[in-house]
């Protein structure tokens with residue numbers, strides 16, 4: 001229960017930060033991303049996994065990260081996010097963050113974990129640590145791009161952090177539905193990251209207080 | 001006998017030589033057959049023992065190889081699953097691949113500072129390692145070659161595969177330079193954690209195991225392409241052996257040949273060479289294990305066994321020779337004796353034949369003389385009697401003279417009777433007398449003989465009794481049977497007491513008729529004379545006043561025997577003398593009447 005609350009808390013905090021940037025009446029974009037068919041392999045739990053196939057990293061069952069590209073003012077405060085290690089898995093499997101976000105990696109398992117990444121945007125190695133590690137190991141992600149997280153001890157653990165240059169992003173549900181709120185009016189490009197090899201996009205024009213229905217396919 | 005043995009008769013000597021030769025021949029054949037059988041048996045036994053030993057050693061080596069391979073592959077698999085290696089490959093960080101592997105493989109790879117490869121070979125430590133990318137090409141280590149194990153570029157190039165496979169590929173790579181050695185490499189696929197697909201491969205290169213069986217002397221080496229490495233075999237012999245091996249690489253397609261074995265001479269010794277594919281089905285070029293199994297020990301054993309058999313065979317032959325010599329001597333001795341005896345016997349027989357011939361001629365002559373004499377005598381006696389009877393018939397002689405003449409006439413009758421008997425005897429002796437086998441009524445004959453006896457001038461007053469069953473028939477000729485009977489009765493009368501008895505009895509039993517003639521005797525026949533009474537002209541110590549010439553009993557016996565019967569003396573004691581004559585019954589002796 002507690003990790004989930006943490007996670008929700010983090011999300012809410014992120015949204016609050018982004019929402020507070022807008023001066024005018026914020027607009028809303030909602031819609032549906034057409035997702036690729038999932039792999040045939042039965043998924044025992046309903047949580048998705050990060051799958052790297054043929055050098056392409058994608059979540060399975062497929063979800064997308066929908067974000068809005070454009071010019072945004074710099075963040076007032078450093079955003080903070082959390083990537084948990086729980087039940088020998090990363091939670092969430094996919095974490096979009098804005099550039100400059102400090103991501104904490106608390107270990108909630110009664111065993112050691114060793115989070116590291118060889119990804120170009122952010123190479124780091126937190127070393128082995130347990131749940132009682134203080135302070136909670138963290139990394140600041142200041143280069144946009146895809147960062148694959150792994151655990152040195154548990155080879156199957158995999159997660160991605162998508163470092164984005166936007167405060168507006170959301171992870172769709174497995175049906176591809178999303179909603180972005182609190183957007184200042186203006187011209188943007190709406191993008192949906194489906195995998196490391198596939199990103200959908202569409203230009204959008206948002207009026208004051210508009211409520212836009214956009215489907216990406 | 002001594003002299004007979006020292007110079008054995010020629011036939012016996014020949015027999016002995018032949019027997020010896022035959023025995024020796026048989027012995028030689030038997031020994032040769034036994035030799036062949038035993039040698040074949042030993043050779044087969046040796047071959048089987050060798051086969052077993054070879055198979056056992058090979059199995060052990062195979063087991064070592066398998067276990068080693070399993071251990072190495074398992075280790076490589078564990079390495080290939082490491083998260084950092086996956087991260088380096090999957091997350092586009094090839095620059096971090098070898099450094100990451102260095103950490104992970106630290107204990108799997110021989111430290112470069114240990115220069116002596118033999119020391120590293122004991123441990124399951126790799127000589128080098130390289131990664132292959134998804135396409136099977138070698139990912140070169142970035143500068144820090146020492147960490148990944150030094151490898152000449154041309155060998156590094158040989159690690160490449162046409163593509164990474166799901167399965168571990170075993171390969172053997174050899175340097176172009178001969179004597180560079182062979183490395184055993186395992187290309188272990190690095191599989192995607194999520195999809196299970198091979199995304200790269202980790203190639204670990206090891207020094208091949210040094211498989212040598214100290215006890216049996218088996219050494220195992222590796223042949224790949226034109227490189228053959230066999231521990232302990234000098235280069236010249238290695239090159240020689242390589243030339244003998246089937247050229248598998250010449251065949252395009254690289255279908256690895258199956259196991260092969262052959263015997264060959266190398267380095268002045270015989271070896272059993274066994275070769276089998278080491279990495280069938282591998283994407284790497286085919287390599288073969290080449291095992292050398294020394295046959296020297298087995299050949300020495302076989303030679304020793306062969307010598308033993310030959311020795312035993314020679315001993316056997318010598319013994320056999322001695323034995324057959326003895327045997328020939330033993331068997332030829334009776335032959336020599338036989339030959340000698342037969343020689344003596346021949347001589348004796350010839351002499352006996354000659355004597356027999358002489359005797360027979362003499363006998364013939366005597367019989368003829370006897371017959372001639374009898375004939376010659378009969379005529380004058382008859383003439384004499386006729387003359388005497390004529391004188392008597394004229395009546396011109398006085399009475400007392402007439403009585404004398406009558407007595408003389410009586411003597412002429414006796415003389416003729418004796419002559420008759422002699423004539424008959426001479427015919428019997430000459431074998432000219434043939435007796436008919438007619439039916440003779442013995443009872444009738446006895447009755448008429450008794451009549452004659454009664455009629456004879458007799459002052460003794462004898463009492464004659466006859467106990468003869470009627471119709472007693474015998475087989476014979478009437479006149480001779482009558483002669484026998486007459487002789488016996490005559491004797492019984494002549495040698496009787498005054499007022500004595502004569503008893504005649506006859507009976508028939510089992511096809512024979514027995515007739516006894518008994519009488520009281522003046523004097524018994526003395527026991528010492530009894531065996532001789534049937535001899536011719538024997539008259540015992542009887543009273544000289546009793547007339548006779550000692551022919552009667554002899555003639556009677558000869559005639560009885562001619563009739564298939566016999567005449568013998570039953571008893572002769574103080575008061576009774578009894579003869580028995582036997583005949584054949586008439587019906588029993590005539591199968592066809």
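Bear in mind that the values in this text are calculations on the coordinates, not laboratory data. Computed from a prediction, not measured in an experiment: that's the story for all the values here. Methodologically, a virtual Cβ is constructed for each residue, glycine included, from the backbone with ideal geometry; neighbour enumeration extends over all protein chains shown.
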Extension reserve of the residue B:195-residue B:400 stretch, reckoned as 0.36 nm per residue once the Cα distance is removed: 55.7 nm
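Only counting other Cβ atoms within 10 Å, I'd like A:116, B:35 sorted with the fewest neighbours first. Walk me through the numbers before you get to the answer.
Working: A:116 20, B:35 17.
By the 10 Å Cβ count, ascending: B:35, A:116.
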On Cα atoms only, tilt of B:296-394 relative to the major axis of chain B in degrees: 10
Chain B - Rg over Rh from alpha carbon coordinates, Kirkwood radius: 1.72
Nearest-ten-degree value, helix B:10-80 long axis tilted from longest Cα axis of chain B: 20
Number of partner chain Cβ atoms within 10 Å, mean per residue of B:97-104: 1
Largest-first principal axis extents, alpha carbons of segment B:352-426, Å: 64, 15, 14
Per-pair calculated FRET efficiency, R0 = 45 Å: residue B:166 and residue A:212 via Cβ, rounded to 0.05: 0.40
Average beta carbon contacts from partner chains per residue of B:87-96, 10 Å cutoff: 6
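Distances longer than 30 Å among the Cα atoms of segment A:60-217: what percent of all pairs is that? Present the calculation step by step, with values, prior to reporting the outcome.
Numbers: 2483 of 12403 pairs.
In whole percent, the long-distance tail amounts to 20.
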Cα gyration tensor shape of the protein assembly as shown, rounded if a/c is under 1.5, else prolate or oblate by comparing a/b with b/c: prolate
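How much length, in nm to one decimal, is gained on full extension between residue B:270 and residue B:301, taken as 0.36 nm per residue of separation minus their Cα-Cα distance?
On the way: separation 31, 0.36 × 31 = 11.16 nm, distance 1.35 nm.
Gain on extension, residue B:270 to residue B:301, equals 9.8 nm.
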Helix B:235-244 vs. chain B, principal-axis angle (Cα, 0 to 90°, nearest 10): 70
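Would you please calculate the Kirkwood hydrodynamic radius of segment B:354-500 over all C-alpha pairs and express it in Å, rounded to one decimal?
Working: mean 1/r = 0.0538 Å⁻¹.
Result for segment B:354-500, one decimal place: 18.6 Å.
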Rg(Cα) / (2.2 N^0.38 Å) computed for segment B:236-379, rounded to two decimals: 3.16
Distance from segment B:320-348 to segment B:54-87 (C-alpha centre basis), Å: 85
Near-label residues of segment B:374-392 by backbone N, under 16 Å of a point 7 Å along Cα→Cβ of residue B:430: B:374-379
Burial ranking of peptide ranges B:91-99, B:55-63 (average Cβ count within 10 Å, highest at the top): B:91-99, B:55-63
